[in-house]
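The values are calculated or read from the model by the stated rules, or taken from the named source; none is laboratory data. This structure is a prediction, so every number in the text was calculated from the model and none was measured. We place every Cβ from the backbone using ideal geometry, glycine too, and count neighbours over all the protein chains shown.
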Amino acid sequence: MFSLKLEVALVTGSSRGLGFELGKSLSSAGACALVNGCDVAQVPRSVDELGNPGLDAPDCAFDVRDLNATASAAEGVWGLA
């Protein structure tokens, strides 16, 4: 399997369904998969599920259609303004 160690992946809609499975695969390959979704209650549950096997999966609950929320998340995660 290939390695994504030291890579960061933001998978939109990754708190459930296909996005969650993609985030799980990226985490398994070593990436820091940012769990994203609009449901602020579901995102932490998904982070817990991904994080249980020791995978890196930070919580990023925001709507990617909201430019201000996206900019705030980028600033918080990557230090971007």
Candidate set: segment 50-80, residues that are assigned to a loop (DSSP other than H, G, I, E, B) and at pLDDT 85 or above; chosen: the one surrounded by the fewest Cβ atoms within 10 Å (Cβ to Cβ): ARG65
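Given the condition part of a helix (DSSP H, G or I), under 21 Å from LEU6 (Cα atoms) and at pLDDT 85 or above, answer yes or no: does some residue in segment 35-43 qualify?
Residues of segment 35-43 that are part of a helix (DSSP H, G or I), as a first pass: 42-43.
Applying the additional criterion that residues be under 21 Å from LEU6 (Cα atoms) yields none.
No: zero hits.
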Filtered residues of segment 19-34 (kept if of a type outside the set (Phe, Trp, Tyr), modelled with pLDDT of 90 or more and under 17 Å from ASP63 (Cα atoms)): GLY19
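When you check ALA31 against the structure, is it touching a helix residue (DSSP H, G or I) at 6+ places or on another chain (Cβ under 6 Å), within 15 Å of VAL77 (Cβ to Cβ) and in contact (Cβ under 8 Å) with a residue 12 or more places away in the chain, yes or no? Break it down into steps so the answer makes sense when it comes.
Values: touching a helix residue (DSSP H, G or I) at 6+ places or on another chain (Cβ under 6 Å): no; within 15 Å of VAL77 (Cβ to Cβ): yes; in contact (Cβ under 8 Å) with a residue 12 or more places away in the chain: yes.
Judged against the criteria, ALA31 is not a match.
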